[in-house]
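The values are calculated or read from the model by the stated rules, or taken from the named source; none is laboratory data. All of these numbers come straight from a predicted model, not from anything done at the bench. Virtual Cβ from ideal backbone geometry, glycine too; neighbours counted across all protein chains shown. Heads up: the accessible areas ignore ligands, DNA and RNA and are worked out on the full protein's heavy atoms, side chains in. Shrake-Rupley method; radii C 1.70, N 1.55, O 1.52, S 1.80 Å.
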Amino acid sequence: MNLRFIETFLWVARLGSFSAAAEKLNTTQASISNRIATLEAELGVKLFVREMRGCVLTPAGQAAIPKAEAVVKAATEFRDAVADPASIRGSVSIGTIDSIVHSFLPRLFERVREKYPGISIDLNVDTSLNMAREIIERRVDLAMIMGPVMAEGLINVELGEYECIWVASPKFGLGGRRFSLADLSGYSLLAFSKNSVPHQRLVQTFVSAGLGIPPISNSNSLATIMRLAADGLGIALLPRAILKEHLAAGKLEVLDVDLEFPPLAFHAVYADHPDNVMPPIIAEMAAEVSRKFLEDEAKENLMANDQDFPFADRDF
């Protein structure tokens with residue numbers, strides 16, 4: 001019995017349609033139909049009933065799921081125990097967000113390439129809301145986003161928390177001043193896309209303080225927000241970890257704002273099923289790389305503070 005046909009059966013069952021399984025497995029719908037028909041002929045039972053909008057499992061198909069998962073799991077464990085990582089071939093679809101692209105993603109790609117040179121990555125960058133939908137619908141193998149995503153069958157791996165800071169162009173001349181939330185409301189603000197977690201928190205902060213909501217320009221591109229802020233078109237609230245180059249070049253400066261904005265929590269999310277080999281491996285790699293990235297950032301920030309205040313801890 002062909003293992004690929006059993007894997008195809010599981011993907012059709014998970015995604016609920018032959019066309020979705022074909023897209024996932026990078027083949028044609030006719031090929032998927034042929035695999036399922038061959039498997040059904042070998043087993044002597046119907047596994048699916050086709051409907052106008054997809055297909056549903058028959059009672060025999062439902063009963064076959066745990067057995068099929070056990071077969072695939074055994075094959076996966078055998079490959080993991082015996083195979084050379086460099087010999088593994090395939091592709092992994094990853095959905096992520098700008099914050100991760102501009103922080104630890106290059107380091108992660110380097111780690112994956114070193115250990116698994118035969119694995120290619122299909123990367124899609126969008127908002128956390130859209131990527132959460134993609135992983136729930138199994139349209140991507142792994143999502144690295146602001147999470148967690150609480151849905152049945154999904155595993156969330158913590159990637160750490162990223163501090164957010166207020167920054168502005170030196171053109172504003174705001175450096176060295178202390179700002180209250182009321183002071184900020186007098187400026188145009190630049191923030192993450194509407195309905196994102198940071199945007200909702202920002203709006204709620206002003207509402208809870210009894211202040212009017214200032215003009216907020218939104219974008220799902222952090223590169224765009226940083227460019228607009230550097231050009232003096234607004235004050236931005238962004239993760240500190242992505243601002244190193246802009247701060248070092250003097251394009252942006254950190255503002256002293258009397259407001260503690262909650263850090264952004266990132267998670268790697270993947271589906272928990274036995275043939276999902278690479279996503280959990282890459283998720284754990286991402287956790288290690290992100291942790292090291294945050295440690296390096298903390299050390300650099302501490303050194304920068306020591307240079308700014310060289311006598312802060314000395315007694316005279």
Quiz item: Which residue, ASP98, ASP231, ASP141, has the most motion in a Gaussian network model of the chain that connects Cα atoms within less than 10 Å?
Solution: ASP231
Self-check item: Dipole magnitude of the range 199-255 about its Cα centre (Cβ charges: Lys, Arg +1; Asp, Glu -1), debye to nearest 20
Solution: 120 debye
Quiz item: If we count every other residue with Cβ under 13 angstrom of ASP183's Cβ, Lys/Arg +1 and Asp/Glu -1, where does the sum land?
Solution: 0
Exercise. Would you work out which of GLY95, VAL72, VAL125 lies farthest towards the positive end of the dipole of the range 21-136, given +1 charges on the beta-carbon of Lys and Arg and -1 on that of Asp and Glu, about the Cα centre?
Key: VAL72
Quiz item: Along the three principal axes, how long is the range 18-63 when you take its alpha carbons, biggest first, rounded to the nearest angstrom?
Solution: 26, 23, 16
Quiz item: Using a basic spin-label model with each label point 7 Å from the Cα along Cα→Cβ, how many nm lie between PHE78 and SER208?
Solution: 5.5 nm
Quiz item: Given ALA20, ILE145, GLY232, which one lies farthest toward the positive end of the charge dipole of the chain, if we put +1 on the Cβ of every Lys and Arg and -1 on the Cβ of every Asp and Glu?
Solution: ALA20
Quiz item: For the chain, what is the accessible area per residue in Å² when the probe is 1.4 Å?
Solution: 53 Å²
Exercise. Report, to the nearest whole %, how much of the accessible area of the chain belongs to carbon and sulfur atoms, 1.4 Å probe, protein only.
Key: 51 percent
Self-check item: Dipole magnitude of the chain about its Cα centre (Cβ charges: Lys, Arg +1; Asp, Glu -1), debye to nearest 20
Solution: 1000 debye
Practice problem: Any chance you could count the Lys pairs in the chain whose alpha carbons are under 28 Å apart, treating pairs 8 or more apart or on different chains as valid? | Solution: 18
Self-check item: Projected label distance in nm at ALA223 and SER31, using a 7 Å step from Cα toward the beta-carbon
Solution: 3.2 nm
Exercise. With springs only between Cα atoms under 10 Å apart, run a GNM on the chain and tell me which of MET150, MET52, MET226 wobbles the most.
Key: MET52
Quiz item: How much length, in nm to one decimal, is gained on full extension between GLU161 and GLU23, taken as 0.36 nm per residue of separation minus their Cα-Cα distance?
Solution: 46.3 nm
Quiz prompt | Simple Cβ-charge dipole of the range 1-89, Lys/Arg +1 and Asp/Glu -1, about Cα centre, in debye nearest 20 | solution = 200 debye
Quiz prompt | Which of THR205, GLY160, PRO85, positive extreme of dipole for the chain (C-beta unit charges) | solution = PRO85
Exercise. Give the distance, in whole Å, between the Cα centre of the range 166-218 and the Cα centre of the range 135-149.
Key: 29 Å
